[in-house]
Amino acid sequence: MDETSPSLELPVDALRRRTDPQRLQFQTTAGLPAPTSLAGQDRAREAMELALSIPGGQFNLYVAGLPGSGRTDATLALTRELAQTRRAKSDWVYVYNFERPEEPVALELPAGKGTAFARHVAAYVIECRRELGRAFTSDAYDKQAEEDIAEPMARRERLIESVKAEALTLNLALEGTPSGMRLVPLKPAQDGTPREPLSEEELNALTESEQEQLQANEERVKQALGRALRQVHLAEDDARTALKRLDHAVADTAVRHRSELIAGAYANLPEAQSYLRSLRADVVEHARALLDGDSGGQDEEQGSGGGPNPDALPMDDDPRNQVSLTQLMRRYGVNVMVSHDADAPAPVVVESNPTYANLMGRIDILGRQNSSFTDHMLLKPGSMHKAAGGFLIVQATDILSQSNAWEALSRMARFNQIELENGSQSQQSSPGLTIRPQPIRADVKVVVIGAYNLYSRLAEMDPDFLQIFKVRADFEFDMPREGAGERVYSEVAGQAVRSRSFPDLTDEAVALVVEEGARWAEDQTRVSTQVDDVRDLCVEAGYFAQKTNDTLTRAAHVSQAIRARDRRGALLSDRRAEDILNNELLIATQGVAVGQINGLAVNEALGVAFGFPVRITATVAPGYLGVTDVDHESEMSAPTHTKGVLIGEGFLSGLFADQFPLRLAASVTMEQSYALIDGDSASSAELFAILSALSGVPIKQSLAVTGSVNQYGAIQAIGAVNYKIEGFFRVCEQRGLTGEHGVLIPRANVRSLMLRPAVVEAARAGKFHIYAIDTVAEGIQLLT
């Protein structure tokens with residue numbers, strides 16, 4: 001090895017930064033508090049507090065972060081915390097619209113009054129029925145009714161009697177039948193004896209002239225009856241009007257006290273007052289119908305009512321008065337849509353299944369004798385109603401998966417109202433059933449939780465999105481390791497094992513968990529904010545501690561949990577390693593070769609990432625084609641990989657063709673690669689292979705390379721460096737470490753190193769080497 005090479009090899013301490021357990025300042029997690037929400041997420045907290053605290057419907061909140069970062073729990077905790085500082089504003093009820101029944105009225109009531117209002121109205125109707133029963137069964141009512149209809153009824157009788165008298169003078173009797181009035185021919189009068197009808201034989205025995213006279217007399221009586229009936233109907237109308245006027249006055253007097261009591265209870269609520277006035281008028285209008293049924297509200301000893309029977313008069317054909325008791329009781333029902341306790345905090349509603357109906361509510365349909373029916377009592381609230389005056393939390397992926405759900409949420413946020421539509425009811429409902437309830441004022445602060453990319457998708461999909469969701473709270477991918485990170489990890493670890501009744505963790509165990517968090521973050525100075533992963537790792541370690549009957553969860557148990565995790569996810573990597581050992585995948589780990597180098601790749605499948613070596617080869621020939629990317633030509637290269645190859649070609653042009661055109665026809669490829677190649681992390685290895693092929697200088701096959709390159713030959717940082725190093729180490733270890741094996745990485749990736757202990761110990765023993773390079777020249781020095 002060149003004498004300058006050792007300066008490029010990283011010391012063992014650089015390969016994994018350890019956490020000193022004494023820094024944690026505790027021996028076990030037993031006395032640690034539970035973690036606070038949004039720990040290590042100061043930026044997100046500031047944004048969330050701003051959005052949730054500003055009143056109005058435009059400063060809604062989008063919380064962006066990765067699943068497992070604790071974004072949902074933190075959002076819910078902060079929202080509930082802020083909700084405690086506010087009071088629920090209003091209750092909402094739907095009531096019957098007496099002027100336009102197809103448009104149920106939405107009444108806003110103070111918080112805590114909705115259910116009480118429904119009870120008061122129900123009690124009011126019951127009391128009104130009782131008072132009406134007493135009033136209409138009283139002797140005073142009977143007497144007054146008889147007086148009020150006496151004159152028109154007497155007029156009616158006089159009119160009918162006058163026609164009967166005229167008929168008698170013509171030997172005809174006028175009789176009433178169920179189907180109307182009829183004329184009966186009579187025998188002539190004889191000395192005051194009772195007049196008897198002519199028999200069938202006597203009628204048939206009449207002469208032709210006598211029959212003609214009978215028909216003329218009948219026609220004369222019918223004409224007189226017709227003239228009289230017009231006056232009879234007027235008399236009946238007068239009697240009916242008199243009874244209605246009396247009923248109205250009696251009913252109005254009967255319910256006055258109860259009406260004044262309930263009106264007084266809601267004196268400062270104009271909309272409720274207006275409804276109660278309409279309710280009172282309708283109760284008075286339908287007083288008779290309210291007395292029907294078994295529960296007429298009257299005392300048993302008072303019977304079923306006295307006085308003149310309205311049925312004695314011809315039926316009133318006004319359809320407004322043809323209402324059954326059942327219909328009236330539904331009409332007077334109060335449908336409580338939103339209800340709170342009087343001193344309740346602002347509501348916080350989490351909708352886990354945000355379908356259109358679950359968000360907006362629905363209009364139910366009832367079947368009734370081969371027909372369908374709906375009214376204000378069949379309106380059902382959605383989560384928007386329940387969140388009115390408070391906060392509604394939904395997941396972006398959930399709401400985007402539901403038809404019309406986002407449009408409904410956006411419309412509510414834009415117009416600040418919740419409007420039930422017939423589209424929210426069953427697809428089998430009759431299209432003829434249309435009611436349009438009045439909208440409810442929303443005052444809902446919407447919180448949508450989702451991934452970063454969904455924010456852009458929503459902004460593209462909904463032109464109003466950015467105006468509605470003015471604030472985005474971004475959850476950090478990671479946080480500082482020292483201080484905040486160590487504290488959060490310690491508290492999360494303690495809570496995790498306590499929640500499962502597992503043994504508390506020692507400080508050394510927590511230190512190892514912190515180191516694993518730095519590995520997840522790929523940064524020695526920071527740790528991942530994926531608190532769910534932290535919690536799960538601690539639970540698994542606690543399980544192993546309990547399994548061995550240990551009173552504490554120790555570092556050995558955390559190591560065991562990490563190894564178990566690695567093993568569970570190692571199926572694909574094991575299969576690839578077997579293929580390499582069996583020479584099905586050709587990877588050389590010793591000797592030298594021209595135009596051939598070990599690159600490093602990473603694969604992620606089913607949430608598990610693993611690294612592995614790939615053979616990169618290059619050939620050169622005279623020509624003007626430049627560098628041909630075989631993977632690109634075969635459409636197996638993503639744009640970022642192709643870009644890396646072209647950058648390498650740019651470096652070659654700058655190095656060799658400063659005065660003359662580059663006369664080169666090179667071909668480079670990743671051998672035995674059968675999936676789409678993405679990323680530019682192999683661009684430096686590809687360049688090294690081309691340089692080796694050009695110069696004829698062989699490359700050490702005991703080394704592998706990762707890193708991207710720019711056109712000036714600088715080696716740039718890449719991702720997943722730990723997995724890539726470990727992937728090559730595993731192959732070398734299985735074949736037998738010789739002390740010559742190692743990996744070249746960008747120097748910019750040194751702070752990303754959190755290698756597994758096996759790699760660190762091999763480096764400590766001088767069996768495996770990690771080199772950090774800044775330039776192509778340094779790489780060539782090591783490789784050749």
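The values are calculated or read from the model by the stated rules, or taken from the named source; none is laboratory data. For clarity, every value in this text was computed on a predicted model and none was experimentally measured. Here the Cβ positions follow ideal geometry from the backbone for every residue, glycine too, while neighbour counts run over all protein chains shown. Keep in mind that these areas ignore ligands, DNA and RNA; they rest on the heavy atoms of the full protein, side chains included. Shrake-Rupley method; radii C 1.70, N 1.55, O 1.52, S 1.80 Å.
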Residues of the stretch 508-523 being open to solvent by 30 Å² or more (accessible area, probe 1.4 Å) and in contact (Cβ under 8 Å) with a residue 60 or more places away in the chain, which ones? Glu508, Glu522
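Looking at this structure, is Thr706 of a type in the set (S, T, N, Q), surrounded by 24 or more Cβ atoms within 10 Å (Cβ to Cβ) and touching a Lys or Arg at 6+ places or on another chain (Cβ under 7 Å)?
The answer is yes for Thr706.
Do we have any residue at all in the stretch 377-397 that's among the basic types (Lys, Arg) and assigned to a helix (DSSP H, G or I)? Give the steps one after another, and end with the answer.
In the first step, residues of the stretch 377-397 are kept if they are among the basic types (Lys, Arg); the result is 380, 386.
After this cut, where a residue has to be assigned to a helix (DSSP H, G or I) as well, the list is 386.
The answer is yes; a qualifying residue exists.
Run down Asp507, Asp464, Asp474 and say which single residue is farther than 14 Å from Arg535 by Cα and in contact with a Pro (Cβ under 6 Å, 6 or more places away or on another chain). Let's see the steps before the verdict.
Details: Asp464 fails: in contact with a Pro (Cβ under 6 Å, 6 or more places away or on another chain); Asp474 fails: in contact with a Pro (Cβ under 6 Å, 6 or more places away or on another chain).
That would be Asp507, the only listed residue that is farther than 14 Å from Arg535 by Cα and in contact with a Pro (Cβ under 6 Å, 6 or more places away or on another chain).
Per-residue answers, yes or no, for (1) modelled with pLDDT of 95 or more; (2) assigned to a helix (DSSP H, G or I); (3) under 30 Å from Leu243 (Cα atoms):
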residue	(1), (2), (3)
Tyr275	yes, yes, yes
Arg280	yes, yes, yes
Asp294	no, no, yes
Glu301	no, yes, yes
Pro308	no, no, yes
Pro314	no, no, yes
Asp317	no, no, yes
Gly333	yes, no, yes
Pro354	yes, no, no
For the stretch 374-407, name all the residues that are in contact with a Leu (Cβ under 9 Å, 6 or more places away or on another chain), open to solvent by 50 Å² or more (accessible area, probe 1.4 Å) and more than 28 Å from Ala342 (Cβ to Cβ). Thr397, Gln402
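Can you spot a residue in the stretch 36-48 that is at pLDDT below 95 and on the phi > 0 side of the Ramachandran plot? Can you show your working first?
If we filter the stretch 36-48 for residues that are at pLDDT below 95, which is where we start, we get 36-48.
Narrowing further to those that are on the phi > 0 side of the Ramachandran plot: 38, 40.
The answer is yes; a qualifying residue exists.
Filter the stretch 143-189 for residues that are of a type in the set (S, T, N, Q) and farther than 23 Å from Asn217 by Cα and give the result.
Result: Gln144, single match.
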Can you find a residue that is open to solvent by 70 Å² or more (accessible area, probe 1.4 Å) and out of contact with any Leu (no Cβ under 6 Å at 6 or more places or on another chain) anywhere in the stretch 538-546? yes
Could you please find all residues in the stretch 735-753 being polar (S, T, N, Q) and within 22 Å of Gln701 (Cβ to Cβ)? Thr738
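Can you tell me how many residues in the stretch 569-579 are touching a residue at least 24 places away in the same chain (Cβ under 8 Å) and either basic (Lys, Arg) or surrounded by fewer than 19 Cβ atoms within 10 Å (Cβ to Cβ) (or both)?
Total meeting the criteria: 4.
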Considering (1) without any contact (Cβ under 8 Å) to a residue 40 or more places away in the chain; (2) among the small types (Gly, Ala, Ser); (3) surrounded by 13 or more Cβ atoms within 10 Å (Cβ to Cβ), say which one Gly226 fails and leave the rest. (3)
Reported set for the stretch 1-18 where residues are in a loop (DSSP other than H, G, I, E, B) and either of a type in the set (Gly, Ala, Ser) or at pLDDT below 95 (or both) is Met1, Asp2, Glu3, Thr4
Inside the stretch 86-121, can you point out the residues that are in a helix (DSSP H, G or I), open to solvent by less than 50 Å² (accessible area, probe 1.4 Å) and either over 17 Å from His340 (Cα atoms) or touching a residue at least 24 places away in the same chain (Cβ under 8 Å) (or both)? Gly114, Phe117, Ala118, Val121
Please indicate, with yes or no, whether at least one residue in the stretch 629-639 is over 57 Å from the mean Cα position of the chain (by Cα), of a type in the set (Gly, Ala, Ser) and surrounded by 14 or more Cβ atoms within 10 Å (Cβ to Cβ). no
Residues satisfying the stated conditions in the stretch 27-67, i.e. under 14 Å from Val488 (Cβ atoms), of a type outside the set (Lys, Arg), open to solvent by less than 70 Å² (accessible area, probe 1.4 Å) and out of contact with any strand residue (DSSP E or B) (no Cβ under 6 Å at 6 or more places or on another chain): Leu32, Ala34, Pro35, Ser37, Leu38, Ala39, Gln41
Which residues, counting only those in the stretch 734-784, are open to solvent by less than 10 Å² (accessible area, probe 1.4 Å) and assigned to a strand (DSSP E or B)? His741, Gly742, Val743, Leu744, Ile745, Pro746, Met754, Phe768, Ile770, Tyr771, Ala772, Ile773
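Report whether or not Gln27 is over 26 Å from the mean Cα position of the chain (by Cα) and not aliphatic (A, V, I, L, M).
On the way: over 26 Å from the mean Cα position of the chain (by Cα): yes; not aliphatic (A, V, I, L, M): yes.
Yes; evaluated as a whole, the condition is true for this residue.
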Hits in the stretch 161-188 - residues which are assigned to a loop (DSSP other than H, G, I, E, B) and open to solvent by 70 Å² or more (accessible area, probe 1.4 Å): Pro178, Ser179, Pro188
If you scan the stretch 194-206, which residues turn out to be open to solvent by less than 70 Å² (accessible area, probe 1.4 Å) and either of a type in the set (Ser, Thr, Tyr) or assigned to a helix (DSSP H, G or I) (or both)? Ser199, Glu202, Leu203
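Tally up the residues in the stretch 585-603 that are farther than 10 Å from Leu572 by Cβ and part of a strand (DSSP E or B), please.
9
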Check off (1) assigned to a helix (DSSP H, G or I); (2) open to solvent by 40 Å² or more (accessible area, probe 1.4 Å); (3) more than 25 Å from Val284 (Cα to Cα); (4) not hydroxyl-bearing (Ser, Thr, Tyr) for Asp238 and give me the number that stays unchecked. (3)
Can you tell me which residue within the stretch 241-289, out of those that are open to solvent by 30 Å² or more (accessible area, probe 1.4 Å), in contact (Cβ under 8 Å) with a residue 12 or more places away in the chain and hydroxyl-bearing (Ser, Thr, Tyr), is nearest to Asp139 (Cα to Cα)? Thr253
